[in-house]
Amino acid sequence: MAVVQCKFEIPKVEGLKDNEMTVGREALVTCEGEFPKNLQVDKLHFVETAEQKYLIKLLKARMDSPSKAVFVVTGYKAGNIEWPDLQMTDGTETFSLGRIEYFVQTSIPKPEGVDAAGAQQAQAKIEPYGPIGPAELSVPHIYWVILIAVLGAIIAGIVFKVIRVIQRRNMIEGLKEHDSALSPISQFHQSMRKVQRSNPAFFSGETTADDISKAMEEMRHMLRLYITRKYQIPALEWSARLIAKDIKKRHRKVYAECGKDMQDLIKEYQHAFENKQNVTASDVVNLSKRTRNLVETMESMS
């Protein structure tokens, strides 16, 4: 196996912190050394397990010289990312990039909490009614319970709405920072062709459970990424219900034609992951056809 020396760099981007890797931000892995002679650059991908999927994503690869290569990468999961021995392959030749380590900062801030206990203590000190004449009137405790429950529901609704607004704003800013040269539909088709060429579930009679799991994960991700880029929705994080609700509000024509099929397909992926042992290669192929048909129909409605 060929071994090369690599360094991980984060290009400067106006408006972003230097040397801070965030979800979706592009980085460069520059490597020098001895590469395989017949390396097929257009087929390169990282050697990963199902659990490591999307920790690092190859966006572009180029050979500046026979002994120097530059890989444009990104990541979709936050946290400390450590690869003791990151490897790449074109399906035939495999080589090591050595140890790669970096930290990915989330681009979605945590909303401030609501101090409900403090609010209740302050409310408890308020006496709603004073003495009236010789008698005193008081509000039954059940009314206070109802009032607190209603106020809690209103506050919770406001907090959840603020969270969704913050998620959308940061998602839109993130897309602008690392926008791909490919359109959403072109990126989807490219990703679909790649998985169909590389995963045995689409062309081999001998398919493992790991092959099926990888294929489903990749197809689910490319569907959600298409919706994220096409409709400016944080679909990688939202549930099927929230995605459908947002599309119904902002893209009524698309929702009327594809809303139910989209929700059913997202739920079908979830059901398939919960019952992996019963999923076959034929099921994976059928899911890929349904996914492609849905995306192409949504694209035609634009």
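The values are calculated or read from the model by the stated rules, or taken from the named source; none is laboratory data. The structure displayed is predicted, hence computed values, not measured ones. In this analysis, Cβ positions are derived from the backbone assuming ideal geometry, glycine residues included, and neighbour counts consider all displayed protein chains. The area values use the complete protein model at the heavy-atom level, side chains included, leaving out ligands, DNA and RNA. Shrake-Rupley method; radii C 1.70, N 1.55, O 1.52, S 1.80 Å.
Details
- The modelled label-to-label distance between V165 and S302, using points 7 Å beyond Cα along the C-beta direction, is 2.8 nm.
- Rounded to the nearest 10 square angstrom, R220 shows an accessible area of 60 square angstrom against a 1.4 Å probe.
- The aspartates and glutamates within cross-link reach of K60, meaning a Cα-to-Cα straight distance under 14 Å and a gap of 8 or more places when in the same chain, are E26, D42, D90, D179.
- Computed about the Cα centre, the dipole magnitude for the range 237-297 is approximately 360 debye when only Lys and Arg (+1) and Asp and Glu (-1) carry charge, each at its Cβ.
- Beyond 27 Å in Cα-Cα separation lie the following of the pairs K7/K230; K161/K214; K43/K214; K214/K245; K57/K249: K7/K230; K161/K214; K214/K245; K57/K249.
- Summing Lys and Arg as +1 and Asp and Glu as -1 over all other residues whose Cβ lies under 12 Å from the Cβ of K53 gives a net charge of -1.
- The orientation-averaged shadow of the Cα convex hull for the range 248-296, equal to a quarter of the hull surface, comes to 3.7 nm².
- Contour excess over end-to-end distance, with Cα ends at S204 and L151 and 0.36 nm allotted per residue: 13.2 nm
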